[in-house]
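Colleague: The structure under discussion is supplied below as structure tokens; questions concerning it will follow.
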């Protein structure tokens, strides 16, 4: 059983899935109007460090933010898991609200964000940021401080004086990519500074790349995913990648051929675990590839394809000879492989190539 708490696991997943800090931050003029670009660049780097430090501190010492101590246990669902997730989400929600509503206020050598108290309190109540005073005090562990002053909340940040400016610019840019301010968008929670390169929100959020997806994986699993995904792309299948849940560190991808209108390959990354899925047509052409798979993968295919007379394929099962062994298999086969090793990549590439040939031959026949 894990020694982590739910809140620690959720915080760790947020930390591991932050977008890496780019060497050079591209900032469109619309976001830097009237602001020194060099100072803003430094401020954005400080914001990245601030969010990173906050997530890491929550993962190591959840008591610093008064997060629930429910022990991590399967299944990760239910009231305790939901409560831990809501408690943790208050942190990025609060940072987002401060950046969204705050105006830069220079006072001496320090730069602060001046947030209108009444409007800020109403916003926090609406968005579920409870125990606001305690949470503001807790953020002192990450180097932030806040004091009420003449109807405003003056929020001061660690790092360069431009940190306040960086947070304000970044939050307002992130806000362009969501119609709701109730929850901060994923681009904010992941500190995706690539959004600042675009002048037009209509262009959409930056596309999720394979680099984003592989960040939580170990080196071998990342190499496996890159190898399989790269091979499927060479066959003409295009990726659709998305982050489906930061709390679980969950990423999903599917590869569709726009000409054939078919999906061949997909994957799920959850925390540091990878599973890959193939969508196969069970035909005599696929049998040699299935029979040639390593024993573990072969058994996975046979278990997944075992006919259960569910009636969904309408045409009934197909009988295939696998090395002298006849098996009744479903015509439509979705098979998921877990913990794929580098030694198993080449057989899976051949399986993908065989399915691609089947799809193309069928298209020619039509």
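Laboratory data are not the source of any read-out in this text; all were calculated from the coordinates shown. Here the structure is a predicted model, which is why all the values come from computation and not from measurement. Every residue, glycine among them, receives a Cβ derived from its backbone with ideal geometry; neighbour counts consider all protein chains shown.
Colleague: Compute the angle between helix 37-60 and the longest alpha-carbon principal axis of the chain, please, reported from 0 to 90 degrees and rounded to the nearest 10.
Modeller: The answer is roughly 70 degrees.
Colleague: How large is Rg/Rh for segment 6-203, to two decimals, with Cα atoms and a Kirkwood Rh? Could the numbers behind the result be given before it?
Modeller: Numbers: Rg = 16.4 Å, Rh = 17.1 Å.
That ratio equals 0.96.
Colleague: Once both axes come from the Cα atoms, what is the angle between helix 345-365 and the longest principal axis of the chain, in degrees from 0 to 90, rounded to 10?
Modeller: Helix 345-365 and the main axis of the chain meet at about 70 degrees.
Colleague: Restricting things to alpha carbons, find the Rg to Rh ratio for segment 111-235 using the Kirkwood radius for Rh.
Modeller: 1.09
Colleague: Residue 194 to residue 240: extension gain in nm, 0.36 nm per residue of separation minus the Cα-Cα distance? Each step should come with its number before you reach the end.
Modeller: On the way: separation 46, 0.36 × 46 = 16.56 nm, distance 1.87 nm.
Going from the current span to full extension adds 14.7 nm.
Colleague: If I fit a long axis through the Cα atoms of helix 79-101 and take the longest principal axis of the Cα atoms of the chain, what angle between them do I get, 0 to 90°, rounded to 10?
Modeller: That works out to roughly 50 degrees.
Colleague: For segment 210-365, evaluate the Debye formula with one uniform point scatterer on each Cα (no solvent term) and list log10 I(q)/I(0) at q = 0.10, 0.16, 0.17, 0.21 Å⁻¹, rounded to two decimals.
Modeller: -0.36, -0.91, -1.02, -1.39
Colleague: How much length is gained if the chain between residue 133 and residue 350 is pulled fully straight, taking 0.36 nm per residue apart and subtracting their Cα-Cα distance, in nm to one decimal?
Modeller: Working: separation 217, 0.36 × 217 = 78.12 nm, distance 5.90 nm.
Length gained between residue 133 and residue 350: 72.2 nm.
Colleague: Here's another thing I want to ask about it. Take residue 80 and residue 183, extend 7 Å from each Cα along the Cα→Cβ direction, and tell me the distance between the two endpoints in nm.
Modeller: 2.3 nm
Colleague: So for the chain, averaging the separation of alpha carbon pairs under 8 Å that are six or more residues apart and normalising by length, what relative contact order in percent results?
Modeller: Values: 597 pairs, mean separation 58.4, N = 366.
Relative contact order for the chain comes out at 16 percent.
Colleague: Let me ask something else about it. Give me log10 I(q)/I(0) at q = 0.12, 0.26, 0.28 Å⁻¹ for segment 67-143, Debye formula, one equal scatterer per alpha-carbon, no solvent.
Modeller: -0.43, -1.28, -1.36
Colleague: Further, regarding this structure: If you stretched the chain out fully between residue 16 and residue 38, how much longer would it get, using 0.36 nm times the residue separation minus the C-alpha to C-alpha distance?
Modeller: On the way: separation 22, 0.36 × 22 = 7.92 nm, distance 2.76 nm.
Stretched fully, the residue 16-residue 38 segment lengthens by 5.2 nm.
Colleague: With each label point set 7 Å from Cα along the Cα-Cβ vector, what nm distance links residue 60 and residue 118?
Modeller: Calculated label separation equals 4.2 nm.
Colleague: For the pair residue 69/residue 336, report the inter-label distance in nm, with labels modelled 7 Å from Cα in the Cβ direction.
Modeller: Placing both labels 7 Å beyond Cα along the Cβ direction yields 3.5 nm.
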